[in-house]
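S.K.: Below are the structure tokens for one structure; questions will follow.
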Amino acid sequence: MLPTQLWANTRRSIFTASLPKNHENPLGLPLNNTRVPPQIPRRGPISGGLPAKRKIPNVKHVVLVSSCKGGVGKSTVATNLAVSLSLLSQRLRVGILDLDIFGPSIPTLMGLKNVEEPGLTQAGALIPITNHGIPTMSMAYLLPPASQPSSSPTPNSDSEPPTNEDTPVVWRGLMVQKAVQQLLFQTDWSAAISQNTSSGLDILVIDLPPGTGDIPLSVGQLVDVDSTIIITTPDILSLSDVRRGVAMFRKLEIPLTGLVINNAYFICPNCTERHYLFGGNPNDERNMFTKGVKAMGMEGDKIVGELPLVVDVGRGGERGVPYALSGRGVLGEDDAGKMWQEVMKTIAERIWGEVRARTVK
């Protein structure tokens, strides 16, 4: 019996102790239950002394458009939001800054593909490129057109030649942060306003890239932001990323206006009935999406607008003409496009109202 017990003890000490506990530590790292989770760096001498948040030169107010999830229509909403803000009765001067360094879409949506490089002021600042009355700036303007690989077959004559949006940006984090700071603070928005070059913009709409990485973090730490909207589709997969974005903006103490639900429903042209494409009405209390929105405290008036699915919105983006501009005054009373226009106008009015209220405070 003694040899059997000795062997059992030896086997337990040799094999069991070396195994990861419940597969929670497969790399064998030292356990430290008191370790604090990674935190977003704060301003102050301990964190390296980041500069205080400041205004973008020649810009009165900044509105961020984020999604933290790719493919939900963030850039399309950002473009149409800028146009809708410029069409308000206040006749605001509005610009768009495309900070999606790795996947810029604003040039296509604004009809500015393959434009020449932006000019420079005497001080060396970038001069925005304007179309549809909206000055814009994007990383794509600063890139050469993509070259056709020599090993690829002869391109089809019907296919479009490569553009500057096809040129990949293969950069590490430090270069991306430097480019972001230059686009933010070395763009002369007053140079794009021909009526009064000293006034600049009333509102700059910044189109952020997906995720919670370097770019939104840099903007949140460096720029004085007046409003933020987050674009989502009414499904749990999109909301899982939105939840992280909401937490990031709250941690950075950035004003969060609310959610814009894109493609919330589809209106049948024959029966005029609303069809919910993502498994249920997002306003239904039993819907998992609604429960998720409530769990992160974004229900009620935090839902800024619900945009229906309209085919011409995407087609307008492909042609480089924002639907908020091209669809005005040509829609029937019961048309889904008219509802889309009204919701977008309501979103613009809500954002401008909150920006003004923040300014008064």
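The values are calculated or read from the model by the stated rules, or taken from the named source; none is laboratory data. Small disclaimer: the values here were computed from a predicted structure and weren't measured. For neighbour counting, all protein chains shown are included, and Cβ atoms are generated from backbone atoms with ideal geometry for every residue, glycine included. Just the protein is used for accessible areas: all its heavy atoms, side chains included, with ligands, DNA and RNA removed. Shrake-Rupley method; radii C 1.70, N 1.55, O 1.52, S 1.80 Å.
S.K.: Taking loop as defined by DSSP and a crowding limit of 15 other beta carbons within 10 Å, which GluC sites (Glu not before Pro) in the stretch 236-327 fit?
M.R.: Filter output for the stretch 236-327: Glu253, Glu273, Glu285.
S.K.: On the accessible surface of the stretch 172-260, probed at 1.4 Å, how many percent belong to carbon and sulfur atoms?
M.R.: 49
S.K.: Once both labels are modelled 7 Å past Cα along the beta-carbon direction, what's the Arg54-Lys251 spacing in nm?
M.R.: Each label point lies 7 Å from its Cα, and together they span 2.6 nm.
S.K.: Could you check the spin-label model distance between Thr346 and Arg315? Points 7 Å from the Cα along Cα→Cβ, value in nm.
M.R.: Going from the Thr346 label point to the Arg315 one covers 2.5 nm.
S.K.: Under 17 Å from a label point 7 Å along Cα→Cβ of Asp214: give me every residue in the stretch 71-108 with its amide N that close.
M.R.: Under 17 Å, as judged by backbone N against the label point of Asp214, lie 99-104 of the stretch 71-108.
S.K.: Taking 22 Å as the cut-off for C-alpha to C-alpha distance, list the pairs among Lys60/Lys338; Lys69/Lys294; Lys74/Lys345; Lys55/Lys113; Lys69/Lys113 that go past it.
M.R.: Going by Cα-Cα distance, Lys60/Lys338; Lys55/Lys113; Lys69/Lys113 fall outside the 22 Å limit.
S.K.: For Val59, which sequence-distant residues (separation of 5 or more, or a different chain) have an amide H within less than 5 Å of its own amide H, given hydrogens modelled in the peptide plane?
M.R.: Hits under the 5 Å cutoff: Leu201.
S.K.: Averaged per residue, what accessible surface does the stretch 54-124 expose to a 1.4 Å probe, in Å²?
M.R.: Value for the stretch 54-124: 38 Å² per residue.
S.K.: Would you kindly derive the ³J(HN,Hα) couplings of the stretch 276-281 from the backbone phi angles with the Karplus curve 6.51 cos²θ - 1.76 cosθ + 1.60 (θ = phi - 60°), listing them in order in whole Hz, with x for Gly and Pro?
M.R.: Running phi through 6.51 cos²θ - 1.76 cosθ + 1.60 with θ = phi - 60° gives 8, 7, 10, x, x, 5 Hz.
S.K.: Enumerate the amide H contacts of Ile267 below 5 Å, restricted to partners 5 or more residues apart or on another chain; note that Pro and chain-start residues carry no placed amide H.
M.R.: Those qualifying (amide H under 5 Å, at least 5 residues apart or on another chain) are His275, Leu309.
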